[in-house]
Amino acid sequence: MATRRKPMSEINVVPYIDVMLVLLVIFMATAPILTQGVEVNLPQKPSDPLSNDQDDPFIVSVRSDGAIFINVGMRNMEKEANRVTIFSLEDQALRIIAARPDIPVFLRADADLTYAEVIEIMTVLQKSGAESVGLITAPPDV
């Protein structure tokens with residue numbers, strides 16, 4: 001007569017732990033790659049920080065090569081921004097400002113840009129209806 005075994009009621013969790021560790025390593029390796037914000041070398045000047053009560057500002061970023069990007073919202077700054085040309089910037093800014101006339105407008109311009117290039121962007125934004133354009137700087141290294 002054969003002896004009957006009692007059914008095992010435990011779960012082997014070792015394979016699940018292995019899978020979780022592999023996923024952890026994958027996420028740790030890919031997380032730095034996922035930051036897709038516009039890389040801008042901001043000028044370092046002392047200024048007041050942006051307050052969090054500003055409701056989703058309209059941010060125009062300009063890289064040192066002259067590429068222009070637009071983004072709406074502080075929470076979206078790290079996300080990939082929409083690339084525009086100087087010609088389509090006025091049209092898109094006009095639509096955004098017409099939808100929300102009280103939207104704060106900020107310019108993140110690279111420190112290597114010329115004064116004329118920054119003024120050209122600001123002029124386009126003011127033609128689009130922006131009452132004022134704030135400049136974003138990086139805090140100075142101490």
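No lab work stands behind these numbers, since they all come straight from the coordinates. All values derive from a computational prediction rather than experimental measurement. Every residue, glycine among them, receives a Cβ derived from its backbone with ideal geometry; neighbour counts consider all protein chains shown.
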Potential lengthening between A67 and Y115 on full extension [0.36 nm per residue; Cα-Cα distance subtracted]: 15.7 nm
Pair N12, F87: separation of 7 Å Cα→Cβ label points (nm): 6.6
By average C-beta atoms within 10 angstrom, highest first, the peptides 89-101, 19-31, 119-131: 119-131, 89-101, 19-31
Kirkwood Rh and Cα Rg combined as Rg over Rh, evaluated for region 77-142: 0.98
